[in-house]
């Protein structure tokens, strides 16, 4: 994996691995979309998420 841009005098490196798919779902649904735990559970039961 590389960076889309290159710097001639700077080495590019990654300081942490990427997140796996779905790791941030609870944060996205809860904090950003402001869904409650019951709403998230209902969406999971319906297969929406």
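Here, each number is a calculation from the coordinates, and none is a lab measurement. Please read all numbers here as calculations on a predicted model, not as lab measurements. Here Cβ is always computed from backbone atoms with ideal geometry, including for glycine, and neighbour counts include all displayed protein chains.
If the Cβ limit is 7 Å and pairs must be 6+ apart or interchain, which residue in the stretch 20-49 that is without any contact (Cβ under 8 Å) to a residue 12 or more places away in the chain pairs with which residue that is in a helix (DSSP H, G or I)?
The qualifying pairs are 30/40; 35/29.
Can you tell me which residue in the stretch 24-49 is nearest to the chain's Cα centre (by Cα), limited to those that are surrounded by 10 or more Cβ atoms within 10 Å (Cβ to Cβ) and not in a helix (DSSP H, G or I)?
This residue is 24.
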